[in-house]
Amino acid sequence: MKVSASFLSSKNIPADLQKLDHTDVDYIHVDVMDGKFVSNKTMPFKEMKNIYKYTSKRLEVHLMVENPKVYIPLYAELNTEYIIIHVEIEQDLEECLKMIRNYSIKAGLAIKPNTPVSCLVPYLPFIDSILVMSVEPGKGGQEFIEESEEKIHEVKKLLEEYKINAIVNVDGGVNDKTVKKCRECDIVTSGSYITSSEDFQERVTSLR
Ligand code: DX5
Ligand code: ZN
């Protein structure tokens with residue numbers, strides 16, 4: 001299982017990114033919030049882009065924003081493997097997903113805990129990843145929602161049924177206990193569990 005590390009709850013982002021760079025973590029998960037789709041707001045791109053100074057890991061960008069078209073060209077400039085947008089936004093999702101792929105970046109769709117899996121169906125041909133939110137998006141350090149295990153299973157079944165070759169990722173409240181409910185995932189994303197520790201590598205290893 002691959003592990004992606006979120007630095008959303010980090011107190012010292014440059015130092016933590018450098019520490020993560022020295023682990024075998026697979027991706028850095030970049031949470032982007034616009035203060036509209038979720039009430040919190042992350043730093044502007046002109047600051048966020050400095051990530052490259054501290055890590056050479058590939059990035060997975062999670063856009064918790066209402067209008068991804070503004071952010072996609074910006075984050076496409078970085079060392080980005082995935083850009084993930086939310087299925088709940090009122091935008092032409094197909095167009096946004098195609099826009100991501102036009103930058104030769106893998107396109108992902110994130111789904112909130114209360115959104116039915118069936119909402120993903122129209123977009124399956126345009127996605128490389130599904131991010132199952134196991135907390136309400138908006139902040140780090142929340143508790144894993146137990147029903148997410150079933151949601152992950154439903155998403156896996158849907159991909160099989162439609163013969164779609166996309167990976168499944170989970171995000172929110174993932175630690176060494178809750179990861180046991182995420183065994184069907186290809187990637188697990190974890191924030192505070194990793195960055196609250198002294199030993200990042202030990203935490204990453206415990207999730208694999
Ligand atoms: C929640 C974010 C998550 C979060 C994960 O809105 O999308 O990526 O930072 O952090 P933990 O693992 O602390 O829930
Ligand atoms: Zn996230």
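Here are a few things to note about the model shown:
- Least to most buried among C119, C96 (fewest other Cβ within 10 Å first): C119, C96
- Comparing Cα centroids, the stretch 98-165 and the stretch 1-38 end up 19 angstrom apart.
- Counting beta carbons within 10 Å around each of I167, I85 and listing the fewest first gives the order I167, I85.
- Other-chain or far-sequence residues with amide H under 5 Å of H86's (modelled H): V65, A110
- 3J(HN,Hα) from dihedral phi, the stretch 3-8, Karplus parametrisation 6.51/-1.76/1.60, rounded to Hz, x for glycine, proline: 10, 10, 10, 9, 9, 4
- Applied to the stretch 14-29, the Karplus parametrisation 6.51 cos²θ - 1.76 cosθ + 1.60 on θ = phi - 60° returns per-residue 3J(HN,Hα) values of x, 5, 5, 5, 5, 5, 5, 4, 8, 9, 9, 4, 7, 9, 9, 8 Hz, with x for Gly and Pro.
- Each Cα pair under 8 Å and six or more residues apart adds its sequence gap; the mean of these over the residue count of the stretch 14-108 is a relative contact order of 26 percent.
- Integer Hz, Karplus 6.51/-1.76/1.60 couplings in order for the stretch 170-186, x for Gly and Pro: 10, 9, x, x, 7, 9, 5, 8, 5, 4, 5, 8, 10, 5, 7, 7, 8
- Taking amide H atoms as placed 1.01 Å from N in the peptide plane, the amide H of R58 lies under 5 Å from those of I28, each 5 or more residues away in sequence or on another chain.
- Each part gets one Cα centre, and for the stretch 41-55 versus the stretch 60-75 those centres are 13 Å apart.
- With the helix formula -39500 (n - 2.57) applied to DSSP H stretches of n ≥ 4, the chain reaches a computed 222 nm mean residue ellipticity of -7500 deg cm²/dmol.
- Ranking T80, V3, F126 by how far each Cα lies toward the positive end of the dipole of the chain (charges on Cβ) leaves T80 at the top.
- Residue pairs exceeding 28 angstrom between C-alpha atoms, taken from K46/K98; K57/K163; K11/K157: K57/K163; K11/K157.
- Taking every DSSP bridge with both residues inside the stretch 2-207, close to 5 percent are antiparallel.
Values quoted throughout were computed directly from the atomic coordinates according to the rules given, and no laboratory measurement underlies them. Since the structure is predicted, the reported quantities are computational estimates derived from the model, not experimental observations. When we count neighbours, we look across all protein chains shown, and the Cβ atoms used for this are built from the backbone with ideal geometry, even at glycine.
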